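See structure below.
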Amino acid sequence: MKFVETNLPRVVVIEPEIFVDARGFFFEAYHKRKFAEHGIALDFVQDNHSGSVRGTIRGLHLQRSRPQAKLVRVLRGRIFDVVVDVTRASPSFGRWISLELSAENHRMCFIPGGYAHGFCVLSNYAEVEYKSSDFYDPSDELTIAWNDPSLSINWPVAEPVLSPKDLRARKLSELLELLPQ
């Protein structure tokens, strides 16, 4: 496994070693000891799996008082994955990174607590799975508008498919007092 640092503190792209033969392929998607050797030492408590059509944006989401670290990967299709630093005291507050995750490249993204996460489906359909370090609590969730002008995220879609929750999302500036410190 290759662990690649990004421009955001503690956000890491994981590139697994893929073994290919006549039967297909094999790789380790998670190996607790190897992850711990690279500073990712936590217990995941929940796996989430979503399926979405082209142009869907899910996010930007985070949990406020019980921040969730996530390990995100794509099982089918391709996504434009986005991570935003929303920890108020961070020197990189409001900065974001994006990367393509796909079933073909097998890359994964580790997102520590204190970051907002979202993605846009690039293929006709995509299935995304992510491990989470804490249980989902809808009453603790914050949703930041995908098109918040203060973030200027270069989403690859102009008119996304959004859930009712994501349609009601607020600007980052409206959530400042609720964000992690």
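Percent antiparallel among DSSP beta bridges with both residues in the chain, to the nearest 5? Taking every DSSP beta bridge within the chain, about 95 percent pair in antiparallel fashion.
Here the Karplus relation 6.51 cos²θ - 1.76 cosθ + 1.60, evaluated at θ = phi - 60°, turns the backbone of the range 44-61 into coupling constants of 7, 10, 8, 10, 10, 9, 10, x, 9, 8, 3, x, 6, 10, 10, x, 8, 10 Hz, with x for every Gly and Pro.
Our note on the geometry: Cα centres of the range 1-46 and the range 109-123, 16 Å apart. Exposure proxy shown here: for H61, H117, H31, the number of other Cβ atoms within 10 Å sets the order, fewest to most, as H31, H61, H117. Put a plus charge on the Cβ of each Lys and Arg, a minus charge on the Cβ of each Asp and Glu, and nothing anywhere else: the dipole of the chain about its Cα centre is then about 60 debye.
Adding -39500 (n - 2.57) for every DSSP H run of four residues or longer, then dividing by how many residues the chain holds, sets the calculated 222 nm ellipticity at -1000 deg cm²/dmol.
What order do you get for 18-30, 74-86 when each peptide is scored by the mean count of other beta carbon atoms within 10 Å, highest first? Show your work: numbers first, answer last.
Working: 18-30: 9.9, 74-86: 22.5.
In decreasing order of mean packing, 18-30, 74-86 become 74-86, 18-30.
Remark: the N154-V45 segment gains 36.0 nm on full extension, using 0.36 nm per residue and subtracting the alpha carbon distance.
Bridgeable aspartates and glutamates around K2 (alpha carbons under 13 Å apart, same-chain partners fewer than 8 residues away excluded): E15, E17, E28, E37. In this rough spin-label picture, where each label sits 7 Å from Cα along the Cβ direction, the V20-V53 distance is 3.2 nm. Note: relative contact order over the chain, using C-alpha pairs below 8 Å and six or more positions apart, is 29 percent. Taking the average, over residues, of other Cβ atoms within 10 Å as the packing measure, peptides 141-147, 93-99 rank 141-147, 93-99 from highest down.
Readers should treat all values here as calculations from the given coordinates under stated rules, not as data from a laboratory. Keep in mind the model is a prediction, meaning the values are calculated, not measured. A quick note on method: Cβ atoms are made from the backbone with ideal geometry, for glycine too, and the neighbour counts reach across all protein chains shown.
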